[in-house]
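Reviewing the structure listed below.
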Amino acid sequence: MPELRAALHREPSLLGRMARVLLDLHFPPSLHQDLCEAVGLELELAETDALAPSTRQPRDRRMRELVLTAYEYQCAFCGYDGMIGAVPVGLEAAHVRWWAFDGPDDIDNGLCLCSLHHKLFDKGILGIGDGHRILVSQRFVGRSAAARAHVTALADRPILGPQNGIPPVAATHRSWHTSQVFQGSPRSVA
Ligand SMILES: [Zn+2]
């Protein structure tokens with residue numbers, strides 16, 4: 001595409017903006033940094049809600065607050081609940097069905113996860129199985145005591161939360177994640 005090449009030559013910042021839009025439309029935010037590093041791209045940090053197609057509502061920033069409250073400010077996989085003073089740290093609201101793939105900003109499409117488990121969930125190493133139990137992919141390998149405690153030992157444990165009266169992750173979003181994101185087969189529990 002000679003026009004695109006000429007436009008990029010005139011305006012080099014166009015590349016970063018194009019990458020930004022592609023990332024926002026196709027991948028969850030927790031994977032953006034890894035993808036950019038993999039292709040050697042530096043990205044400005046601002047998200048581009050304004051550039052998303054007008055058919056989608058802007059991302060609901062209230063979702064984070066609702067999901068963290070629903071799960072009482074602890075990771076649904078490991079129970080991590082760190083704070084600095086009164087402010088939670090290292091806790092994030094994860095979309096089960098990715099926002100980029102029409103996942104709604106609804107409580108039953110959200111999970112409160114610590115940063116590590118959010119990353120592993122979006123990479124398809126962790127998932128949610130029947131009975132809201134944690135799936136751990138056979139592809140994850142970590143032989144240290146820390147890797148075992150933080151990842152492999154989670155297999156088949158029940159999800160923590162949400163609190164009473166709040167709907168858990170909907171079966172339709174759970175099965176989307178299992179079929180589209182989860183990698184390989186889940187580890188069986190001895
Ligand atoms: Zn966690």
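The values are calculated or read from the model by the stated rules, or taken from the named source; none is laboratory data. Quick caveat: nothing in here was measured; it's all calculated off a predicted structure. Don't worry about glycine lacking a Cβ; one is built from the backbone with ideal geometry, like all the others, and counts go over all protein chains shown.
Yes or no, residue by residue, for (1) away from the ligand (no atom under 12 Å from the Cβ); (2) buried (at least 17 other Cβ atoms within 10 Å of the Cβ):
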| site | (1), (2) |
| --- | --- |
| Trp99 | yes, yes |
| Gly103 | yes, yes |
| Leu116 | no, no |
| Gly127 | yes, yes |
| Gly131 | yes, no |
| Phe140 | yes, yes |
I'd like the full set of residues that are within 25 Å of Val89 (Cβ to Cβ) and touching an Asp or Glu at 6+ places or on another chain (Cβ under 7 Å), limited to the stretch 112-153. Leu113, Ser115, His118, Ile134
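Is there a residue in the stretch 138-152 that is among the hydroxyl-bearing types (Ser, Thr, Tyr), under 18 Å from Gln183 (Cα atoms) and either part of a helix (DSSP H, G or I) or modelled with pLDDT of 95 or more (or both)? Step through it out loud before you land on a result.
Residues of the stretch 138-152 among the hydroxyl-bearing types (Ser, Thr, Tyr): 144, 152.
Restricting the remaining residues to those that are under 18 Å from Gln183 (Cα atoms) gives 152.
Applying the additional criterion that residues be either part of a helix (DSSP H, G or I) or modelled with pLDDT of 95 or more (or both) yields 152.
There is at least one residue in the stretch 138-152 that is among the hydroxyl-bearing types (Ser, Thr, Tyr), under 18 Å from Gln183 (Cα atoms) and either part of a helix (DSSP H, G or I) or modelled with pLDDT of 95 or more (or both).
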In this structure, does Glu37 turn out to be part of a helix (DSSP H, G or I), acidic (Asp, Glu) and either at pLDDT 95 or above or over 17 Å from the mean Cα position of the chain (by Cα) (or both)? yes
Go through the stretch 81-95 and give me each residue that's at negative phi and within 15 Å of the ligand (Cβ to nearest atom). Asp81, Gly82, Met83, Pro88, Val89, Leu91, Glu92, Ala93, Ala94
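Give the residue, chosen from Ile134, Ile107, Ile159, Ile125, that is outside the structural domain of Leu25 (by TED's automatic domain parsing), β-branched (Val, Ile, Thr), within 26 Å of Phe27 (Cβ to Cβ) and under 12 Å from the mean Cα position of the chain (by Cα).
On the way: Ile134 fails: under 12 Å from the mean Cα position of the chain (by Cα); Ile107 fails: under 12 Å from the mean Cα position of the chain (by Cα); Ile159 fails: under 12 Å from the mean Cα position of the chain (by Cα).
Being outside the structural domain of Leu25 (by TED's automatic domain parsing), β-branched (Val, Ile, Thr), within 26 Å of Phe27 (Cβ to Cβ) and under 12 Å from the mean Cα position of the chain (by Cα) holds for just one of Ile134, Ile107, Ile159, Ile125, which is Ile125.
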Note on the stretch 63-80: residues within 12 Å of the ligand (Cβ to nearest atom) and either assigned to a strand (DSSP E or B) or surrounded by 17 or more Cβ atoms within 10 Å (Cβ to Cβ) (or both) are Tyr71, Gln74, Cys75, Ala76, Phe77, Cys78, Tyr80
